[in-house]
1. Would you mind calculating the gained length between residue 62 and residue 196 on full extension (0.36 nm times residue separation, minus the Cα-Cα distance), in nm to one decimal?
2. Using 7 Å Cα-to-Cβ label points, what is the residue 111/residue 128 separation (nm, one decimal)?
3. Compute the distance from the alpha-carbon center of the range 128-154 to that of the range 168-204, in whole Å.
Amino acid sequence: MTNLRTVPAGSATAAVPHPLHRHRLRAVTPDEARSAPATAPGGGAPRHSAQQVAELLHSGATWLPAPQHSLPALPGQPPMVGYLVLVPAEQAPAAPQPPAGPAPEARTGDQIVRIDPEQRTVHVHGRQLDLTYLEFELLAHLVAHPHRVHTRDQLVTTVWGYGHVGDGRTVDVHVARLRRKLGAEHRGSIVTVRRVGYKYVPSA
């Protein structure tokens, strides 16, 4: 049976990110970590008590541990622990309002690759690329973090979604397609980091 828990009403809990936001993870501050998590038998991933997790959630929120295979694996780091959180719509915090003043420039990229997330278009030296939804998401994520190395698991989690069932070969296929569409002159902008993943290096 799935280990499903609901935080009792009236619990003193901290707010969680808005459910509509793409990135749902945040760092826990020292004062939120009341006690160190226990270590699973055999030196596995640390276990968090129900009380520890409940203290970080809205009253009435439902949570359950995420499957270990769905969590990203970082080279040289211990296994991660994650939770799926369901918050009643009426208790969800309001979406943050944009600051007043002129809207910032929405386009991202460099002098070669220009990405417009509003129009969902990509231009390379003025030539628009015909990309699928996931190809656009993958390229936009890589270009937004130049020179940063991303593992395949990180890319699957960020681009395909938290609950996606697949492996790193899915990333390899989409990178190959992106390189073909970037063309011979710029295909090398997506660099393979052996036994790790990929990074984006702007063309000179």
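1. Numbers: separation 134, 0.36 × 134 = 48.24 nm, distance 3.48 nm.
Additional length available on full extension: 44.8 nm.
2. 2.5 nm
3. Going from one Cα centre to the other spans 9 Å.
Quick note: the coordinates plus some simple rules give every number you see, no bench work behind them. From a predicted model like this one, the values you see are computed outputs, not experimental measurements. Every residue, glycine among them, receives a Cβ derived from its backbone with ideal geometry; neighbour counts consider all protein chains shown.
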